Structure formats: C-alpha cells, structure tokens
Amino acid sequence: MGKPTGFIEFTRELPGKRPVGERIKDYKEFIDRLPEEKLNQQSGRCMNCGVPFCHSGCPLGNVIPEFNDAIYNKSWEEAYDILTSTNNFPEFTGRICPAPCESACVLGINQPPVTIEEIEKHIIEIAFDKGFVKPRKPNIRTGKKIAVVGSGPSGLAAAAQLNYAGHQVTVFERDDAPGGLLRYGIPDFKLEKWVIDRRISVMEQEGITFKCNSNVGVNISINDLLREYHAIVLAGGSTVPRNLPIPGRELKGVYFAMEFLKQQNKRVANLSVEGEDLFATNKNVVVIGGGDTGSDCVGTSNRHKAKTVTQFELLPKPPEGRNENMPWPTYPMTLKITSSHEEGAERYWAIATKSFIGDENGNLKGLNIVDLEWTISADGRPAKFVEKEGSEREIPCELALLAMGFVHPQHEGLIKQLGVELDERGNVKATEQAFQTNINKIFTAGDMRRGQSLVVWAISEGRECARKVDEYLMGHSLLETKDSSYIANS
C-alpha cells in the first residue's frame, strides 16, 4: 500500500467550505478542493485491509484501496481507470452520496474513516482537468435499438453501459433537460448543473441520443416504442411524494418539497417557472421530514432569506454515534448534520403535525403540533408512539414543505398503458436477478423497481440491468458486474 503507517500519522481531514454568511447569498457549490499534499495524506490513511469491507459497503463495489494507492503514488490516470471500472458517474456520487463505504471502513472501528467520498470526487475532477475523460465509443454496433425511459442516475447508467455493449440507445426524458432528480431535485449548491451537462456531452459524443420533453405515454406513443425498439428500460424513478392528509392540507402555503426545489433549480438555470412562485422569503418555514430532501429545503429556504426555518421529524432523535444495535460495518442510523443545518435551522424530533391552520383568506398561518413518546423495540428501533399529554400547541408557519419521501412511481400513463405488474409497494415488479418485468422485452431499474433509495444504488441498478438486457438481446454479455473488479479485468 502507498503508506503503511499513514493511518497512524494522519487524521481525517475534509476540504474547507466557504463561510456560511457568504455561501447562502448564492446557489454555487461551496466545498473547496484538497491541495495535492492533503489528498496524498488522506489516500495514505487507507490500511490495505486483508478484507476491505468498504467494497461491500459500496453498492457499486468500488475498488477503493486500489484507487487510494494510485492516488498516493500520484498515478492519476490509473486512479481514474480503477474508479470508472465500477462507477460511471463519480462526479455525482462524490458530491451527493451518503458514503456507505465510509461506514464500512475498517479504520472507522476506532478512528475516523478514510475520506473515500472526497477522494472519489477529486479523482474524477482531476481526470477531467487532465483530459483523461474521453468518449468511450464502441468499436462495433450490434444493430439492436434500446429505449431508456428516464434520465436520472439509473437511466443514465443503463444507457452508458448498453452503449458500451454496442447497442443504439435513445433516452427519453419528460423534462426539458436530462438528469432527472439530479437536475430538478438536488439544489445547485450541492450539485451545479454544469456537472450534469459535462457528462451528458460525453455521452452524446459516445453515440447516445437524448430526447427531452418526451413524456412516454403522453406525447410519445408507447406502441411506437414497442414496435421500434428491441428492448425498453423503465428508469423513471419513484416520483409520487408521500402526502400528509390532515385538516388544512388544501391551504395556500402547504406544498410538496419537490414543487419548491424544482422551481428554484429552474430559476438558477434562468428557466421560466410554471404556476405560482414559491418563496420562503420573510416567512416562518416548517419542513416536515428529517431526510436529505428536507435538508435541501432548509438550505434553499435560508438562501431565500426566510424569517425562521424549522425542521420536524416524526421519529425520535437518533444517537450521535454507533450503539450496540448499530455494529460496525452496518450503515449506522446516527444523527446527521448537513451543510444546510450548519447554515441555520431549528430541528425537532418526535413531533407530529395534527393540522394546518389557515386565515380567513385560505392562507396558511400556523401548524397544530404535538410531541410524541416512542417505545423502542428489542433491536433498538422505534416501535410505537403515543401523543404526549398536554403537549399540543400551535406554532406560526406561512410555508410548510412536505419532505416525507416518495411512495412509488407514477402509475398513470406509461405504467398503466404498458400493463407491467406492480409489487405490493406499488413499484414496477421485476426480478432482482434479471430486472425483467412480466413483459419480456421490458426491463426496469432504480427507484422505479426498488423504491426510493440512494444515487449510488440507482447507478448500480442501471449497470446491473444493462447487463441483463445485453444478455437478453445477445445471449451473453461482456459488461462488468458488481462483482467484477479492475484487478480481475486488468
């Protein structure tokens, strides 16, 4: 390994950030790059474990110790080759993945884990800087045509892999630009959209066709797709948000988080916004939901100059560190403080919203909330709750954002017209081994198949699905699987 004693000599360091007071004035990314010396030290902390649990912690099976070694030795192109042997889009995962690989890092048993996510982002940005990233064009075309419906991370990964296999791939996207949740769900201060455009440009040079403003089942005929393409990959994501059907839900001022976030992303891109403008400016904002989408609403509300920003979570406050119910190397459900929380927000746990309160004009003016008391099961998870007697109260709120996750993909249109089967959760039903629906030539991957999940899982699903499509069309496939490694193939 690069430096056998690196984990003893160096501690974990992360890049600096622009000060809060400065960064909330715009929507640009605010995390700096590590200088070369620091990057060298951080990669040198990797211990070359006998069993590198980071491999299994990463849904993509990234070959992490090997690219750390290459970075330590300043072998930038080798590091890029290793990383992209398993991950099509490290510029996305390096910015927005919660890094389950770091939770499984062996060093993390008794020290801060290796900064794998940051190293990954640095590898791909250095690769772009040095010109290592070039269109990967197939030498031979198979004559097979594939339609990928949805251009989020899963659809993009499937499209990239199928194109590498020599198939002609067309990606259909109902929005005005590719990217799916990456473009219109993730705020620019976490992922600037030039990052997506840069990757789409490479994919177009590789021969992939993107058709935007193409809503299959609405303005694009499903029958045309079934007739013209040898296989179809459904990668439309899990897009139906979980609602909160309590009294006052119809009031003006209560919106789904994605309505709010998508509008702001369009403004940053200088695009027109449909419908009523949603702003948090000078309002008491309450974000209902404690996950990443809720955090994105917090950061956006602060940039709107909200009067106050409060975030509620139904579940009890998680512990700050691992406990006996979260043993290493499992992914720990511990307290997460995001960069948006650093910018300012009041956070409360074990809170339920009982009703939205309106004024005489139908505008939201407050919430009726109550504290909860949870019982904890034997495995340490919250089991049941009751309302805490005497805790019900009203708080001021002019903008409530529902960020409670997504329940399943949209059924109207594409899914119903195709007649693909659904599972008990409302997702498109397909085998995990084959990613194939009840209709032979139709496959599915990502959140549309597995339900709401992480960007790294979406990319993994797209890659694995592509291999199965390739096998279906050709009888065999040379595309990499999750278990393939750079070392095994080099």
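Derivation of every value follows stated rules applied to the coordinates shown; laboratory data play no part. Keep in mind it's a predicted model, so treat the numbers as computed, not measured. FYI the Cβ positions are ideal-geometry reconstructions off the backbone, even for glycines, and counts take in every protein chain you see.
Details
- Cβ-defined net charge surrounding Gly451, 14 Å radius [Lys, Arg +1; Asp, Glu -1]: 0
- Dipole magnitude for the chain: computed about the Cα centre from +1 point charges on Lys and Arg Cβ and -1 point charges on Asp and Glu Cβ, it is near 640 debye.
- Sorted on the mean count of surrounding Cβ atoms within 10 Å across their residues, most packed first, peptides 359-370, 393-404 read 393-404, 359-370.
- For the range 243-404, dividing the convex hull volume of the Cα atoms by the residue count gives 131 Å³ per residue.
- Considering all C-alpha pairs of the range 25-68, those separated by over 13 Å amount to 65%.
- In whole angstrom, the range 6-130 maps to an equivalent ellipsoid with semi-axes of 23, 17, 15, each derived as √(5λ) from the alpha carbon gyration tensor and ordered largest first.
- The length gained by stretching the chain between Val218 and Glu9 to full extension, at 0.36 nm per residue less their Cα-Cα distance, is 69.3 nm.
- The range 243-404, relative contact order in percent, only Cα pairs under 8 angstrom and at least six apart counted: 30
- Per residue, the average separation of C-alpha pairs within less than 8 Å and at least 6 apart gives the chain a relative contact order of 17 percent.
- Within the same chain, lysines fewer than 8 places from Lys252 are excluded, and of the rest, those with a Cα less than 16 Å from its Cα are Lys283, Lys365.
- Remark: the range 367-381, residue by residue, has Karplus-estimated 3J(HN,Hα) of 10, 9, 10, 8, 7, 10, 10, 9, 9, 10, 6, 4, 8, x, 9 Hz, where x stands for each Gly or Pro and the curve is 6.51 cos²θ - 1.76 cosθ + 1.60 at θ = phi - 60°.
- When His411, His122 are arranged by Cβ crowding within 10 Å, least crowded first, meaning fewest neighbours, the order is His411, His122.
- Relative contact order [Cα under 8 Å, 6+ residues apart], the range 319-403, whole percent: 21
- Close amide H contacts of Ile220 (hydrogens built in the peptide plane, cut-off under 5 Å, sequence separation of 5 or more or a different chain): Asn215.
- The residues Ser85, Ser43, Ser201, when put in order of fewest to most other Cβ atoms within 10 Å, stand as Ser201, Ser85, Ser43.
- Once the chain from Lys317 to Ser272 is taken as fully extended at 0.36 nm per residue, the excess over their C-alpha distance is 12.3 nm.
- Residue by residue, the range 227-241 carries 3J(HN,Hα) couplings of 7, 8, 10, 6, 7, 10, 10, 8, 9, x, x, 9, 10, 8, x Hz when phi is fed to the Karplus relation 6.51 cos²θ - 1.76 cosθ + 1.60 (θ = phi - 60°); x denotes Gly or Pro.
- Span-rule helices in the chain, defined as complete DSSP H runs reaching 15 Å or more along the axis (Cα) with Kyte mean at least -0.5: 116-130, 153-164, 193-205, 455-474
- Measuring between alpha carbons in the structure, the pairs from Lys193/Lys305; Lys266/Lys441; Lys121/Lys317 lying more than 27 angstrom apart are Lys266/Lys441; Lys121/Lys317.
- Fraction of the pair-distance distribution of the range 357-490 above 21 Å, Cα-Cα pairs, percent: 65
- Magnitude of the charge dipole, the range 6-130, Cβ model with Lys/Arg +1 and Asp/Glu -1, debye to 20: 420
- Long-range HN-HN contacts of Val240 with modeled amide H, under 5 Å: Val407, His408, Gln410
- When restricted to Cα atoms, the range 101-215 yields an Rg and a Dmax of 16.8, 54 Å, respectively.
- Amide H partners (placed H, <5 Å) of Lys283, local residues excluded: Lys307, Thr308
- Note that the chain, at 20 °C in a medium of 1.002 mPa s, gets a Stokes-Einstein diffusion coefficient of 89 µm²/s from its Kirkwood radius over C-alpha pairs.
- For the peptides 453-464, 307-318, residues were scored by their other Cβ atoms within 10 Å and the scores averaged per peptide; the highest-first order is 453-464, 307-318.
- Of the residues Thr293, Thr444, Thr437, the one with the fewest other Cβ atoms within 10 Å heads the list, and the complete ranking is Thr437, Thr293, Thr444.
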